[in-house]
1. Suppose every Lys and Arg Cβ carries +1 and every Asp and Glu Cβ carries -1, with no other charges. What dipole size does the chain come out with about its Cα centre, to the nearest 20 debye?
2. Specify the residue with the greatest mean-square fluctuation among Gly15, Gly36, Gly64, computed from a Gaussian network of the chain linking alpha-carbon atoms under 10 Å apart.
3. Hey, if you put +1 on the Cβ of every Lys and Arg and -1 on every Asp and Glu Cβ in the chain, which of Val108, Gly169, Leu38 ends up farthest toward the positive end of that dipole?
4. Residues with amide H under 5 Å of Ala60's amide H, sequence separation 5 or more or different chain, H placed in the peptide plane at 1.01 Å from N; which?
5. Per DSSP helix of 4 or more residues, -39500 (n - 2.57); summed, then divided by the residues of the chain. What does that give at 222 nm, rounded to the nearest 500?
6. Of Ile145, Ile54, Ile110, which has the largest mean-square fluctuation in a 10 Å C-alpha GNM of the chain?
7. List the trypsin sites (Lys or Arg not before Pro) in the range 69-126 that DSSP assigns to loop (not H, G, I, E or B) and whose Cβ has at most 11 other Cβ atoms within 10 Å. Which are they?
Amino acid sequence: MSEPAELTFYHGPMGAGKSTFALQTHFNQSRQGRVGLLLTKHDRSGEPAVTSRIGLAAPAVVVGDGDDLHDVVMHRHRRERLDFVVCDEAQFLAPAQVEDLVRIVDEVGIDVFAFGLLTDFTAALFPGSARLVELADGVHRMQAIVLCWCGRPGFLNARVVGGQVARAGELVAIGDTELGPVIYQALCRRHFMGGQLEE
């Protein structure tokens, strides 16, 4: 008898290697002859792909705000039997979409690996991440150490606009760690709370 399928959530701050690990997970599962589906929502590239800052990328199905993920996965599953789903940028999922992933695991028996940020730029849980923490079979903090400018572990994601830590704005503002009018910087709690970007 095979092991039951599971929903596993991996989280970490920007720069922790979540997208790289998502791509590696998809690659490793596929190498064992398992058939998978790669999903993303609001990838930094703006393309239908999962991209990492170290240059890895793979085509992916883009999840829309109103998409029923159970229907999306079952549409593919009927054409080609799926063994697993990898979902990057899972923090942007609506709670109902996380529940769709649970149905995929529990009712269909497909493993789901979700990767995303835990908290937003105000240090509040993303609604999708909160639901993943509540419902996932396993929740794992990424082991890659991201450092604040002071040398302490940086686990909070500051949104930086015009050289200042932003405290208000839209929940979703796609940016990166280096370019654009909106950038993100991992800070330790002390410097996140104080809005301090450097000495």
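1. Numbers: 18 positive and 25 negative charges, 111 e Å.
That gives the chain a dipole magnitude of about 540 debye.
2. With Cα springs under 10 Å in the chain, the top fluctuation among Gly15, Gly36, Gly64 is at Gly64.
3. Among Val108, Gly169, Leu38, the one farthest towards the positive end of the dipole of the chain is Gly169.
4. Those qualifying (amide H under 5 Å, at least 5 residues apart or on another chain) are Ala49, Val50.
5. On the way: 5 runs with 49 residues, N = 199.
About -7000 deg cm²/dmol.
6. Ile54
7. On the way: sites: Arg76, Arg78, Arg79, Arg81, Arg103; in loops: Arg81.
Hits after loop and neighbour filter: Arg81.
None of the figures in this text is laboratory data; all of them are computed from the coordinates on show. No experiment lies behind these values; they were computed from the predicted model shown. We place every Cβ from the backbone using ideal geometry, glycine too, and count neighbours over all the protein chains shown.
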